[in-house]
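Report on the structure given below.
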Amino acid sequence: MPWTRFLAGTVIGFSGLVGAGLAGCGGSDTSGSGGAGATSTGGGGAMSTGGVGGQTTSSTPGGSGGVGGSGGVGGAGGAASGLTLLTLNLHCFQLGGTTFATNAERFAAIVDFLATEKVDVVTVQEACVRPGEDALATLVDGLKNATGQDWSSVWNFAHVAWEGTPDEADEGVGLLVRGTPSDVRSGEHAVQASLRRVFASARLPQGLGGSRVMSVHLDVFDPPARASQAREAAGAGIFQADPDFDAIVAGDFNDIEGSPAWSAFPAMGYISADQGLSATGIDHVMIHRAAPLRPATVEEVLTGMQAVSDHPGVLVRFEPHAGDAVTATRISTAADPGAGHFLSVRGSALPLSWDYGFPMAASPAGRALVLTEMTSDFELKLLRDDTTWQQGANVPGAAGGEIVVSPVF
């Protein structure tokens, strides 16, 4: 059986990779066409930005989830088995920081590690594609041969890395999954800096517990943009996992524990699986407290002579655990901010703030933000591009409520 890749929501074959775009890692910022985006499906959907020639396609509604229905308690599920997850920045096709002479040797070592450690899912960053070479395809083929099981990959184009050099390649984020994931979604962050940043997520097969897993790679150069992207990813994970809230968000945060980017996740109800692991580590694994799993062990791996990248991997073994019961507060609007713009929410009670916004996710009905940590009445306002406030009085809200906002800017 051939391997399958889910490219921004569409199942494609090996030859289905396209895309050109913004400057790559360490390169200059040049504009270009969009990535290899396509329509994503299921679960209420999130906006998938990109597409050949810079097209933007919105997701197709379907499945469960999204904003709607009554508020109330979610989570508190149970997992039948544990889950082993690795997050790893592949450093595109670069061999620096490793002892390997070729990428073939490097990828073979990654396959051997994943098979030996019985890893179920990998969130990958700087996963690259260029003519004749595809990192995730190589790893999927290797894993199928090494484990005797089917593996799949999810990939979302971010930008062109090392543009204008012999190392030029299309770079993206993605997932490697044992089996076949479902409800694949992709997104482009609302706030960008010099390099285009995206995320990709999917529901794991039921045999792996069915949790929603998202891979992220936050901005490296611009701290405010990085923090906004973290708030957006934390919110997107919750929105896409509604009503079970079994979200895992992992990847290269480009920031350390305790930073604003890292702190956005605990504020939104996530548990840091790697908390206390490394004072200098910038790769992290977050799991929402409503998920029916808890980290049992965590370690930095693929270091020293075993390094396969300029980043260590973070390996987490989750064990079944009753998830926390949470109360969902859903904020939605049918307002359209217009092409190239976004809406955010600010408010009077944590995790909201009047000082910065939480970008809303695209939904079939407009835009939405789902919160699980509200405990009291509060007030809010929407902003366009997190700079232009909606006019009029603050909008009242209550924990566990369904707040529909009709802003005028």
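FYI, it's all coordinate maths here, none of it is from the lab. In this text, all values refer to a predicted model and were calculated from it rather than measured experimentally. No Cβ is skipped: glycine too gets one built from the backbone with ideal geometry, and neighbour counts run over all protein chains shown.
Would you mind pulling out the separation of the Cα centroids of segment 155-173 and segment 302-360, in Å?
Answer, in whole Å: 25.
How do THR84, THR333 line up, fewest other C-beta atoms within 10 Å first?
Ranking THR84, THR333 by Cβ neighbours within 10 Å, fewest first, gives THR84, THR333.
Taking neighbour counts of Cβ atoms within 10 Å as a proxy for exposure, in what order, fewest first, do ILE331, ILE271, ILE287 appear?
Ascending Cβ contact count within 10 Å gives the list ILE271, ILE331, ILE287.
Sequence-distant or interchain residues sharing an amide H contact under 5 Å with SER363, placed H: which?
When sequence neighbours closer than 5 places are left aside, the close amide H contacts are ALA368.
Cα centroid distance between segment 272-287 and segment 366-390, in Å?
28
To the nearest 20 debye, what charge dipole does segment 333-409 have about its Cα centre, counting +1 at the Cβ of each Lys and Arg and -1 at the Cβ of each Asp and Glu?
Rounded to the nearest 20 debye, it is 140 debye.
Could you check the spin-label model distance between SER353 and GLN149? Points 7 Å from the Cα along Cα→Cβ, value in nm.
Here the answer is 4.1 nm between the modelled labels.
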